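One structure below.
The values are calculated or read from the model by the stated rules, or taken from the named source; none is laboratory data. Given the structure is predicted, the values throughout are model-derived calculations rather than measurements. In this analysis, Cβ positions are derived from the backbone assuming ideal geometry, glycine residues included, and neighbour counts consider all displayed protein chains. These accessible areas exclude ligands, DNA and RNA; they are computed on the full protein's heavy atoms, side chains included. Shrake-Rupley method; radii C 1.70, N 1.55, O 1.52, S 1.80 Å.
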Amino acid sequence: MAKVYTSVQWDEIWEEGLQTGKITYHYDDVECVSIWQHPLKKGRFHETSLCPGLRIEIFNFENPEIHGCDSVDSNYRTVSLVFRSSGIWREQIFGVNEDACEQPGESYLFSFETGTREIEKFMAGRDINIRIRLEPQLLRLLSKGQEAYLPSLLKPFLETDKPPSFYQSLGKMTPAMQVALQQILQCPFQGIMRRTYLEAKTLELITLQFAQLFQDGTPYKQSVNIKKGDIERIYQARDILLQNITNPPSLIELARQVELNDRKLKQGFRQLLGTTVFGYLHDYRLEKACQFLMEGQMNVAQVSYAVGFANRGYFAAAFRKKFGINPSDYQAQWRKKSG
């Protein structure tokens with residue numbers, strides 16, 4: 001069973017991590033950066049203040065095991081946009097959504113009152129997502145004179161800073177969102193140019209998500225018509241793949257191991273995880289490669305082999321196609337940042 005920490009216990013973990021060096025933290029008027037090399041998680045959180053009323057949060061972590069936090073939200077009221085690249089995140093938001101579940105490749109929109117209780121659960125594995133925080137006064141400024149084009153879900157903010165709370169899944173990100181997301185994650189600039197670049201890309205993501213919501217008329221909800229027992233078997237199949245990334249079973253063998261026929265397994269992966277069985281494995285291998293390259297303990301050839309690519313050239317091409325950068329350049333950027 002996942003360990004769920006209270007807010008007091010989480011504060012104690014934070015303080016102990018700072019004292020032991022397992023967590024490092026930097027804050028100035030523009031940026032807040034925390035780097036974790038802790039048993040609970042490894043990676044980086046990066047928050048940047050952009051124009052007044054707008055900030056972006058970038059989460060890039062590896063969670064060795066499932067863990068959670070039971071806390072009361074203390075942030076001031078914002079409209080929050082989420083774009084999830086990888087990892088599964090579950091949350092119980094009391095009085096708003098009792099079973100929120102963010103999936104890779106999807107986007108979300110939510111806003112709830114300060115003081116709302118949340119129980120967050122972080123699933124094991126790679127967790128990469130971007131959260132944009134948009135304050136009500138900036139939302140009104142951006143929509144001034146064009147209120148008719150504001151999605152109906154957000155129109156109550158035109159009248160008050162504290163409309164009813166909501167949490168809404170918007171389904172699959174569009175290809176344009178995916179490109180902007182990767183450009184943010186691979187931002188090539190530092191200093192003022194980084195902030196300017198992130199602001200432009202953040203506003204682009206806001207535009208793309210609002211346009212999708214406005215065009216659809218009603219928020220998108222994916223229909224999942226799978227028996228509960230089959231859902232559990234599909235997630236079991238996913239776990240088997242992730243435990244055997246260098247030598248995965250065939251589709252037929254995987255279906256046999258979880259006691260499903262291969263047709264149900266293929267359909268279930270598409271409905272629950274939004275991709276094919278081996279498309280999911282392919283993406284996970286590349287995300288794992290990012291982690292290894294970031295840690296810097298292996299060269300590119302070793303990373304390629306460690307995540308199951310026998311051919312280094314194919315690995316480099318697949319990495320470049322997904323992330324828009326060569327693996328050697330990606331590793332060089334991380335070495336420069338940590339150096």
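Within segment 109-258, how many Lys pairs sit with Cα atoms under 30 Å apart, leaving out pairs fewer than 8 places apart on the same chain?
Counting lysine pairs in segment 109-258 gives 22.
Quick one: putting +1 on the C-beta of Lys and Arg, -1 on the C-beta of Asp and Glu, what dipole do you get for the chain around its Cα centre, in Debye to the nearest 20?
Working: 41 positive and 39 negative charges, 262 e Å.
Using Cβ point charges on Lys, Arg, Asp and Glu, the chain gives about 1260 debye.
If you put +1 on each Lys and Arg Cβ and -1 on each Asp and Glu Cβ, how big is the dipole of segment 264-334 around its Cα centre, in Debye rounded to 20? Could the numbers behind the result be given before it?
On the way: 9 positive and 4 negative charges, 81 e Å.
About 380 debye.
Which Cα, out of 142, 173, 123, lies furthest along the positive dipole direction of segment 98-207 (beta carbon charges, K/R +1, D/E -1)?
142
Hand me the chymotrypsin sites (Phe, Trp or Tyr not before Pro) from segment 81-180 located in a DSSP loop with no more than 15 other Cβ atoms within 10 Å, in residue order please. Before the final figure, lay out each step's value.
Values: sites: 83, 89, 94, 108, 110, 112, 122, 149, 157, 166, 167; in loops: 94, 112.
Passing sites in segment 81-180 are 94.
Give the long-range amide H neighbours of residue 77: residues separated by 5 or more places, or on another chain, with amide H under 5 Å away, using H modelled in the peptide plane at 1.01 Å from N.
Hits under the 5 Å cutoff: 114.
Express the carbon and sulfur contribution to the solvent-accessible surface of the chain as a percent, rounded to the nearest whole number, probe 1.4 angstrom.
Working: 8800 of 17160 Å².
Answer for the chain: carbon and sulfur cover 51 percent of the accessible area.
Over segment 229-339, average the accessible area per residue using a 1.4 Å probe and give it in Å², no decimals. Walk me through the intermediate numbers first.
On the way: 5930 Å² over 111 residues.
The answer is 53 Å² per residue.
Per the helix-only calculation at 222 nm, which mean residue ellipticity applies to the chain, given -39500 (n - 2.57) for every DSSP H run of n ≥ 4 and division by its residues, nearest 500 deg cm²/dmol?
On the way: 11 runs with 144 residues, N = 339.
Here the helix-only value at 222 nm equals -13500 deg cm²/dmol.
When the Debye formula is applied to the Cα atoms of segment 1-129, each taken as the same point scatterer, what base-10 log of I(q)/I(0) results at q = 0.10, 0.16, 0.22 Å⁻¹?
Here the Debye-derived log intensity ratios amount to -0.33, -0.92, -1.77.
Once amide H atoms are built 1.01 Å from N in the peptide plane, which residues 5 or more positions from residue 126, or in another chain, come under 5 Å H to H?
Those lying under 5 Å, H to H, from residue 126 are 63.
Check which residues have an amide H placed less than 5 Å from residue 171's amide H, if you skip close sequence neighbours.
For residue 171, whose amide H was placed from the backbone, the distant partners under 5 Å are 107.
Just the number please: accessible area per residue for segment 114-196, 1.4 Å probe, all protein chains included, in Å².
Values: 4120 Å² over 83 residues.
On a per-residue basis, segment 114-196 sits at 50 Å².
Separation of segment 19-64 and segment 132-197 by C-alpha centroid, Å?
So the two Cα centres are separated by 21 Å.
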